[in-house]
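The values are calculated or read from the model by the stated rules, or taken from the named source; none is laboratory data. Computed from a predicted model, the values in this text were never measured in an experiment. Methodologically, a virtual Cβ is constructed for each residue, glycine included, from the backbone with ideal geometry; neighbour enumeration extends over all protein chains shown.
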Amino acid sequence: MKKVIQWTVILSLVLVAGFFGVVLKATLFDREDGVRDKLRITAIMPHTDQGYWSSVTEGILAAEKDYSDQVNVRVELPQLNYNVKQMTELVNRAVAAKVNAIIVQGIENEAYLAALQKAAEAGIQVIFVDTDIEDFVPHLYVGTNNLETGIMLGEKLAAVTQGKAKVAILSGEENYPNLEQRVTGLKKISAQYPDIKFLRLDYDNYDALTVMNKYNLIQEENPEIDTLICVEGTGGQTLGSFYAENPGEFSHILAFDYSEGTIQGIRTGMLDGIVIQDTHEMGYRAVEEALNLFLNGGYSANCIYTDVKWVTSSDLDEEGHYVP
Amino acid sequence: MYHKKLIANINRSISRKYSMGYFLLIGIAAILIAVSFIGSFFITSQNQKMMRELLVLNQLFIEVETVNTYVNDAYLYLRNSSRQNYTEYQDSVISALHEVRKSLNKEYSREIVDITCTVETYLEQSDALIKKLETYVTADKTQRDQSSLEEMYNQTQNTLHYINVSFKDVYSDKLITVQRVQEALKLWQSIIYIIQVTLLTAGSLICIIYYKKVLDGITKSIHKLTEFVGKIRNNLYQKEHVEISTGDEFGEFAEALNDMIDIIQDQVHEIEENSHIKEKLHEAEIENLRIYTELHKSQLILLQSRINPHFLFNTLNMISSTARLENAEQSANLMEITANYLRYNLDKLSKAVSLRDEIENVKDYVYLQKCRFEERFDFHFEVDPNCGGLILPCMILQPLVENSLRHGVNMMLKEGTIWIRAYREADRICLEVEDNGVGMEQQKIGELYRYLEDITIEDEHIGLKNIYMRLKIFFEDDVVFKIDSKEGKTLIHISLPNQERE
């Protein structure tokens, strides 16, 4: 009995101590600590509405979690998607806050680039993800090698069409470097397969209505075209989401980027396959490289290319889901 | 011994148990007070901390806003006083900035770091602007660069805008945090109440259980002791002990009681054994007394029976002398042997004699009987001379021979024979008197044996019994007495330990 009482008292004390020492602390003191000495990174994303940039953001936050004792990341978003003016303001604000690094998409905008240049001059690292600004100094790009990815897509085109196709390309914004590089790489396949002919190139400006208009317009204006290639994510996502099954106007449709729409398109047979960029890796490596410069005084390389993967229906599981 | 043990075990006493209960109560009360105190202290400190953070931040914001009024004034109206005020007030901002960093210390959040850095940027920019304004005012009109001033001013105002936005964000964040903490504190306040109630309930239960256990132990102990005492009252000899393992005074008391009962039982046992022994001794004493009484009785009878022979002895001596004077030799011899016989009986009756003397006495007796009965009876002595030294009570053989003569061969007119034997057998000496008389039936022999062993019976065979009892006393029961008889033969066999003296 005496021992039971002793143990009860000890247990009660331990419980009380644990209650205040551990549980309360974990609950009420659940705050960031010691960030003054951490590497402060501001990641300015154009948006996180779709899977692409949310995946990049997830990669950034995953790296922050893995290096939580060394890195603190603040993700900033413009109030409107792709509002470069607001993104520029966010850059200026980060510069005023004297952050250590800024992770941004490379956008060819004068004020935007000037703000970034000002940041670089203030000693702030500027890291481009997804889209590169090649002449920016000092320079670090983390993302897809778009030219090589275009070449790979051409090889897949040859494979699915057995080297004979009349192709229409649906791109995003005109003169957007990433897309232009993909188209350049893609067209190189003609040298090997003369029966693959690229008959037209259209731009969708990243919205579903334009994609559907272009889809119908191409068929009307060029009924001989049997293959459609969407080198920007919106095209494949729109077509995959809109059609429950392949209406059969095009024999083959090849698309870009992971999204619910593109996966559904593969599942229904609307899309032959998609090129998936490793966006998570983009965000993760961008943070790692910022830390690398901070700790070691240099980057691994000025251009860090992340993986791309060709995904078809054979890569889906029994329930039609894609598990990377 | 028990006192020492009790003192040694004082820690296990009932009062100690009760004290433990009190300590338990005090402990539970202390824990409850600690929970209340720490809980309220913690919640209060959290509230104060949050308020302090907000106040410090607010102070920084006010200082920045104030210093910016001087910046505006200096830029828009080019007042020297504003520039001076700015220079003076700049320190207040730096001080407020320092306070923010100091108050937040290790819990320095990213938003706060960004704000403080942005305020630093603002101060750098405004400082540069004020300096530029000073040079602008003092410079020649042609050298005044208004566009750069404007750009610098715009930069400061942009940065101030960022500060305002950041403050707004931080305030929002802080208010959300405050709200979250307040909610958490409310939750934990409830948890503290629950813990207090739980501790109170658990503590009360423990105390109740503890005291119940203590009281049950006492009650059980008393019950056991009462039951045990009742059993002992009914049966003092029971071997059962009372077992109390409460480890308190009851345990000690039970142990002492067990020991006491053991001692009492041992003493009672001892008393009983002594009583038994005494009873046996008493019986033996009574037996001895009876034997001696019998012996003295027989000796008295013998003495009484010898009174006349003693008188006769004197008379016979006188007659023997007269017979010799008258030349009657045979009569004189007869008188002399009779006198010797009587003298032996008279002098040695209560003394130990040698077997040799006893045999001589029997021979005197035989001579007298032969004179009386002439050739009617025949006597044979078969005596081992080496046995003559045996010491034995007087008048053992003569009564046996007389018995044989009286009860054995008396009725025979001739050829009645009596054998007197003494011989060694191993380490013992055997005496035998045998006759060829009428003998005895087995039933008679049995009765004779019973008579010999039972001292309470008296009959005609008192002489035989007398011999047997005296031998038993003399040889301390180491006597073998056998009667063998049939028609034409009666043998009395006595086996004695060899106690020779010369």
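Some notes on this structure:
- Under the condition of being hydrophobic (A, V, I, L, M, F, W, C) and under 19 Å from B:V214 (Cα atoms), the residues counted in region B:243-262 number 4.
- Residue in region B:137-148 that is within 12 Å of chain A (Cβ to nearest Cβ), out of contact with any Pro (no Cβ under 9 Å at 6 or more places or on another chain), at pLDDT 80 or above and within 26 Å of A:E89 (Cα to Cα) present: no
- Residues of region B:76-125 classified as of a type in the set (K, R), more than 14 Å from chain A (Cβ to nearest Cβ) and assigned to a helix (DSSP H, G or I), total: 1
- Taking every residue in region B:192-214 that is at the interface with another protein chain (Cβ under 10 Å from one of its Cβ atoms) and pairing it with any residue that is outside any helix (DSSP H, G or I) and of a type in the set (V, I, T), at least 6 positions away or on another chain, the pairs with Cβ-Cβ distances below 9 Å are B:V214/B:T246.
- Within region B:14-62, considering residues that are loosely packed, with under 13 Cβ neighbours inside 10 Å, small (G, A, S) and away from chain A (no Cβ under 11 Å), the one farthest from B:I115 (Cα to Cα): B:S15
- Region A:303-324, residues that are within 30 Å of A:I124 (Cα to Cα) and surrounded by 14 or more Cβ atoms within 10 Å (Cβ to Cβ): A:C303, A:I304, A:Y305, A:T306, A:V308
- Of all residues in region B:149-159, those being touching a Phe, Trp or Tyr at 6+ places or on another chain (Cβ under 7 Å) and within 14 Å of chain A (Cβ to nearest Cβ) number 2.
- Pairs with Cβ under 8 Å, 6+ apart, first in region A:102-114 and in contact (Cβ under 8 Å) with a residue 24 or more places away in the chain, second among the hydroxyl-bearing types (S, T, Y) and surrounded by 21 or more Cβ atoms within 10 Å (Cβ to Cβ): A:I102/A:T42; A:I103/A:T42; A:G106/A:Y141; A:N109/A:T88; A:A111/A:T88; A:Y112/A:T88
- Residue count for region A:242-274, restricted to those that are more than 13 Å from A:Y215 (Cβ to Cβ) and under 21 Å from the mean Cα position of the chain (by Cα): 13
- Test set (1) more than 21 Å from A:L239 (Cβ to Cβ); (2) away from chain B (no Cβ under 14 Å) - A:M152 fails condition number: (1)
- Taking every residue in region A:150-172 that is more than 17 Å from A:E224 (Cβ to Cβ) and pairing it with any residue that is among the aromatic types (F, W, Y) and in a strand (DSSP E or B), at least 6 positions away or on another chain, the pairs with Cβ-Cβ distances below 9 Å are A:M152/A:W310; A:L153/A:F256; A:L153/A:W310; A:E155/A:W310; A:K156/A:W310; A:S171/A:Y203; A:G172/A:Y203.
- There is at least one residue in region B:243-251 that is surrounded by 12 or more Cβ atoms within 10 Å (Cβ to Cβ) and of a type in the set (S, T, Y).
- Qualifying residue in region A:116-126 (condition: polar (S, T, N, Q), surrounded by fewer than 24 Cβ atoms within 10 Å (Cβ to Cβ) and within 19 Å of A:E289 (Cβ to Cβ)): yes
- Counting only residues that are surrounded by 13 or more Cβ atoms within 10 Å (Cβ to Cβ) and either touching a Pro at 6+ places or on another chain (Cβ under 9 Å) or of a type in the set (G, A, S) (or both), region B:477-498 holds 4 of them.
- Residues in region A:130-156 that are of a type in the set (S, T, N, Q) and either surrounded by fewer than 17 Cβ atoms within 10 Å (Cβ to Cβ) or not in a loop (DSSP other than H, G, I, E, B) (or both): A:N146, A:T149.
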